[in-house]
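What follows draws every value from the coordinates through simple rules; no lab data is involved. It should be emphasised that the depicted structure is a prediction, and the values quoted were computed from it without experimental measurement. Positions of Cβ are generated from backbone atoms using ideal geometry, with glycine treated the same way; all protein chains shown enter the neighbour counts.
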Amino acid sequence: MGAAATFIRFAGCNLNCSYCDTDHRSGSELTLDDLVSRVGHGPDRVVITGGEPLLAGEQLVGLAAAISATGRSVDIETNGTIAPPRELSGFVDNYVISPKLSNSGNLPDDRKLAADLPQGPLKFVVDGVEDLQEVSRIVKTLPGRDVIITPMGTNAEAMVRKMKLLSQPVAAYGWRLLPRLHILLGIE
């Protein structure tokens with residue numbers, strides 16, 4: 001957070017989270033050359049997010065390889081329900097895995113984490129202190145990772161209110177509490 005990055009947001013997801021802020025109906029289809037050209041004029045870090053980018057399979061491998069070839073770092077944000085293709089490993093600098101909690105509205109079988117997930121921080125969207133026990137259960141199954149807690153909220157006031165409620169409990173677990181900066185700044 002706070003470092004400049006270009007975001008490539010994929011539409012389409014295998015989950016249907018109640019708090020999702022991705023508009024899966026709009027956007028534009030771009031060719032690989034178009035995408036690489038656009039990121040070529042931006043920051044050195046490119047974050048590929050969604051929806052769920054790992055649904056793109058081999059197309060994602062091609063995109064990550066092309067971006068990496070420009071000298072930029074590539075991060076992928078995923079819900080963790082799909083294991084990344086092995087071919088991605090040479091092109092991705094960082095995975096951020098965002099397991100979905102029961103507050104997402106998805107059924108447990110739908111949000112089950114894939115085996116052999118790559119290393120990387122875990123990022124959870126929480127609605128309140130009561131969600132932290134569920135987070136703790138998941139974290140125990142994926143030890144040795146940084147844990148980021150992000151409060152659910154679609155406006156700055158709700159975000160700040162929830163951050164105040166969560167700050168001490170999250171600190172007690174030894175995790176980080178980060179806002180959804182684009183919500184605080186009013187950026188879509």
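Sort out which residues of region 135-181 are in a helix (DSSP H, G or I) and farther than 29 Å from A114 by Cα, and write them in order of number. Show your work before the answer.
The initial filter retains those residues of region 135-181 that are in a helix (DSSP H, G or I), namely 135-141, 156-173, 181.
If the condition is that a residue be in a helix (DSSP H, G or I) and farther than 29 Å from A114 by Cα, then A156, E157, A158, M159, V160, R161, K162, M163, K164, L165, S167, Q168 are the ones that fit.
In region 29-58, which residues are hydroxyl-bearing (S, T, Y) and within 20 Å of the chain's Cα centre (by Cα)? Walk me through it before giving the result.
At the first step, the residues of region 29-58 found to be hydroxyl-bearing (S, T, Y) are 31, 37, 49.
Residue satisfying the conditions is T49 alone.
Quick check: anything in region 125-147 of a type outside the set (S, T, N, Q) and under 17 Å from E52 (Cα atoms)? Spell out how you get there, then give the answer.
In the first step, residues of region 125-147 are kept if they are of a type outside the set (S, T, N, Q); the result is 125-132, 134-135, 137-140, 142-147.
From the residues that got through so far, the ones that are under 17 Å from E52 (Cα atoms) too are 125.
Within region 125-147, one or more residues are of a type outside the set (S, T, N, Q) and under 17 Å from E52 (Cα atoms).
I'd like to verify a number: residues in region 101-129 that are more than 16 Å from A83 (Cβ to Cβ) and of a type outside the set (D, E), how many?
Of the residues in region 101-129, 15 are more than 16 Å from A83 (Cβ to Cβ) and of a type outside the set (D, E).
Which numbered condition in (1) touching a Gly at 6+ places or on another chain (Cβ under 9 Å); (2) in contact (Cβ under 8 Å) with a residue 60 or more places away in the chain is the only one that D110 fails?
(1)
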